[in-house]
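Notes for the one structure printed next.
The values are calculated or read from the model by the stated rules, or taken from the named source; none is laboratory data. As the structure is a prediction and not an experimental result, all values here were calculated from the model. Glycine gets a Cβ as well: all are built from the backbone with ideal geometry, and neighbour counts include every protein chain shown. The area values use the complete protein model at the heavy-atom level, side chains included, leaving out ligands, DNA and RNA. Shrake-Rupley method; radii C 1.70, N 1.55, O 1.52, S 1.80 Å.
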Amino acid sequence: TVANEVRDGVVGRGNLPANVELGPMTHEQYIERLRSSPIVVVPLVPTANRSAGQTTYVNALAMGKLVVVTDCLGVRD
């Protein structure tokens, strides 16, 4: 799928900036980072049949965060 291709392209990069961490995290780590972030950026991959990532930006909005998200299926809803 397109989402898998994009993810694989990011995961395989060796030249990420020093301030970018990439890898798995526990749910507790995810919530802590979300809570401590003043801005949450969610770069969604455009698809025609679903809106993957919606929970991430909705939770950030519910926490009162400034959210930057790409305009994909379901975002404006």
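For first residues located in segment 45-69 and charged (D, E, K, R), partners that are outside any loop (DSSP other than H, G, I, E, B) and at pLDDT 85 or above and lie 6+ apart or on another chain with Cβ distances below 6 Å form the pairs LYS65/VAL40.
If I filter segment 45-58 for residues that are in contact with a Gly (Cβ under 7 Å, 6 or more places away or on another chain) and modelled with pLDDT of 75 or more, do I get at least one hit?
Restricting attention to segment 45-58, the residues satisfying the condition of being in contact with a Gly (Cβ under 7 Å, 6 or more places away or on another chain) are 51, 54.
Still in the list and also modelled with pLDDT of 75 or more: 54.
The answer is yes, given that some residue of segment 45-58 is in contact with a Gly (Cβ under 7 Å, 6 or more places away or on another chain) and modelled with pLDDT of 75 or more.
For segment 4-15, the count of residues that are open to solvent by less than 80 Å² (accessible area, probe 1.4 Å) and at pLDDT 85 or above is zero.
Pick out the one residue from VAL75, VAL69, VAL42 that is at pLDDT below 85, open to solvent by less than 100 Å² (accessible area, probe 1.4 Å) and touching a Phe, Trp or Tyr at 6+ places or on another chain (Cβ under 9 Å).
VAL75
Checking each residue in segment 16-39 for being within 19 Å of VAL68 (Cα to Cα), at pLDDT below 85 and open to solvent by less than 80 Å² (accessible area, probe 1.4 Å) picks out only VAL20. In segment 11-40, the residues that are in a loop (DSSP other than H, G, I, E, B) form Cβ pairs under 7 Å with partners that are open to solvent by 90 Å² or more (accessible area, probe 1.4 Å) and at pLDDT 90 or above, at six or more places apart or across chains, as follows: PRO38/LEU66.
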